1. Short version: ³J(HN,Hα) in whole Hz for each residue of the range 16-28, in order, from phi by Karplus 6.51 cos²θ - 1.76 cosθ + 1.60 (θ = phi - 60°), x for Gly and Pro, what are they?
2. What does the highest-first list of 37-43, 25-31 look like by mean Cβ count within 10 Å?
3. For the range 44-51, take each phi angle, set θ = phi - 60°, evaluate the Karplus expression 6.51 cos²θ - 1.76 cosθ + 1.60, and give the result in whole Hz per residue in order, putting x for glycine and proline.
4. Residue 80 to residue 39: FRET efficiency via 1/(1 + (r/R0)^6), r the Cβ-Cβ distance, R0 22 Å, to the nearest 0.05?
Amino acid sequence: MSDSRDIELIKDPGLPEHVHRSTDIDPKAAKRAERQIAILFALSCIGTLLLIYSYIFISDETFIFIPVLGEPTIACFPAFSCKAMTMMLRSTASKTCSKAS
């Protein structure tokens, strides 16, 4: 009879078999994925440049009225949208890059 305090060893399941991606097999798919990643990073760079431009050259004294938000300065919208675009594109490019390689 087995004692309830005996330890049962867990068998090592091992690693699953490697599944090749389409970019591993097809050179056209690899080239397309490379182009997509390059475009996403380029758009991210453009967003960063727009963010810097809006921070420097848009006046803080300019106000606009938005019904839900009230009257924020107009300078915060380009800065926020450029920063959001940059973060989203870099994240998407990173995920696409990790899936493609």
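1. Result, ordered by residue: x, 5, 5, 10, 6, 7, 5, 6, 6, 9, 9, x, 5 Hz.
2. Details: 37-43: 15.4, 25-31: 11.4.
Ranking, from highest mean packing down: 37-43, 25-31.
3. 5, 5, 4, x, 5, 5, 5, 4
4. Details: r = 23 Å, r/R0 = 1.04.
So, using R0 = 22 Å, E works out to roughly 0.45.
Just so you know, all these numbers are worked out from the coordinates, no wet-lab data involved. Keep in mind it's a predicted model, so treat the numbers as computed, not measured. Note: ideal-geometry Cβ built from the backbone for every residue, glycine included; neighbour counts use all protein chains shown.
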